[in-house]
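Notes follow once the structure below has been shown.
The values are calculated or read from the model by the stated rules, or taken from the named source; none is laboratory data. Note that the structure is a prediction, hence the values are computed from the model and not measured. So basically every Cβ, Gly included, is an ideal-geometry build from the backbone, and we count neighbours across all protein chains shown. Remember, those area values only see protein heavy atoms, side chains included, never the ligands or the DNA or RNA. Shrake-Rupley method; radii C 1.70, N 1.55, O 1.52, S 1.80 Å.
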Amino acid sequence: MTKNDRDQNDEGQKFIELSRNSSPEVVFKNAIKEVKLLDENLENQNSDFIYQEGGWGWIVVLCSGFSLGILIGMINNYSLLLNEMERVYNQTENHVVYTAWIGSLSTGVQYIFCSFGSIATDFFGPRKPGIFGGLISGASLALCVFIDDLRLYFLTYGVLYGIGQAFLLTSTLAILPHYFNKRISLANGIMNLIGSIVVVLLPVFTSKLIDNHGLKTTFLFLSVLNFITMFMAMTYKPMIPVLIHKKKMHKLKSSFGLEVLKKPQFIVFCVASFFGMLGYLIPIVNIDHHSIKVFPNDKPFYINVVFGAASGFAALVFGKIGDHTKKFSN
């Protein structure tokens, strides 16, 4: 046995003992080789499978950054789609209300189903829910190409697309801790920077497609981008070992993590996030619609570009700062 193998075995034994003390319902197989990994291909690897602090992790950062850019960019992008859908379906009764509600429904369903996406990530790891989310997202937008009734968008863009984005979002946010610990904030900042580049470029292409080719072609283009996220999620190779519970219900309860509600810091975070999202999601959906009336001679996507650029700069700066502020969280 090499020194590396001995060190890894000692580390695995400590991990198992700590976990047994904290959860007697957990069963372990084969000590260090017995800790079941989500990806069967990792069982024979001798490298440190918990925190690589780089390596394949940087590929994951790039791919997750693209996926995050699509996730955020599509929310920002709906303001452009809203304007075009109002124009195309202007003969439909209540078309202004419908188009506004379709985008709101999609965002609402996305965040509601994030809880189910988190449970799926706990059970199956980040890769499978991410692939599922990318597939559903791309397919739902592809269905929008064949729709002529505005109300059917409630099902395709509102419900199905929202569900797909929820699973993709939870898996994308969960994958980086599989590769990074000390450099997690930097990795997260780079991921957000890449995502912001996508957020900046997406409204430019969307606006050009709407102006030159119409709504259907734009939906086809967005469908392809969302199908690409499915392939991006294939890189989400899970690295942290999974504890196998005797009782599925015990694992399901632990996935909900309701004990976190007892922490005042979490309650404060939830309240702050609520008002933060309230001040972000509502204006970003309607600001392009408003800008057309206030600045009729300027393209509305300029506002989206400014949003994305500012977000990318802030993500990189605060991601690096976050690596130096962990001592204040204890």
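The residue pairs whose first member lies in region 201-215 and is in a helix (DSSP H, G or I), whose second member is open to solvent by less than 40 Å² (accessible area, probe 1.4 Å) and aromatic (Phe, Trp, Tyr), and whose beta carbons are closer than 7 Å, counting only pairs six or more residues apart or on different chains, are 203/301; 204/301; 207/301. Return the residues of region 85-95 that are out of contact with any Leu (no Cβ under 8 Å at 6 or more places or on another chain) and either aliphatic (A, V, I, L, M) or loosely packed, with under 15 Cβ neighbours inside 10 Å (or both); say none if nothing qualifies. Across region 85-95, the qualifying residues are 87, 90, 91, 93, 94. For region 96-111, the candidate set comprises residues that are modelled with pLDDT of 85 or more and within 20 Å of residue 216 (Cα to Cα); within that set, the residue that is most open to solvent (accessible area, probe 1.4 Å) is 101. Taken over region 169-195, the criterion of being among the hydroxyl-bearing types (Ser, Thr, Tyr) and either over 14 Å from the mean Cα position of the chain (by Cα) or open to solvent by 10 Å² or more (accessible area, probe 1.4 Å) (or both) is satisfied by 170, 179, 185. Check whether at least one residue in region 150-166 is touching a Cys at 6+ places or on another chain (Cβ under 6 Å), within 25 Å of residue 189 (Cα to Cα), part of a helix (DSSP H, G or I) and not charged (D, E, K, R), and report yes or no. Yes; the residues of region 150-166 include at least one that is touching a Cys at 6+ places or on another chain (Cβ under 6 Å), within 25 Å of residue 189 (Cα to Cα), part of a helix (DSSP H, G or I) and not charged (D, E, K, R). Among the residues making up region 123-151, those that are open to solvent by 60 Å² or more (accessible area, probe 1.4 Å) and under 14 Å from residue 219 (Cα atoms) are 143, 146, 148.
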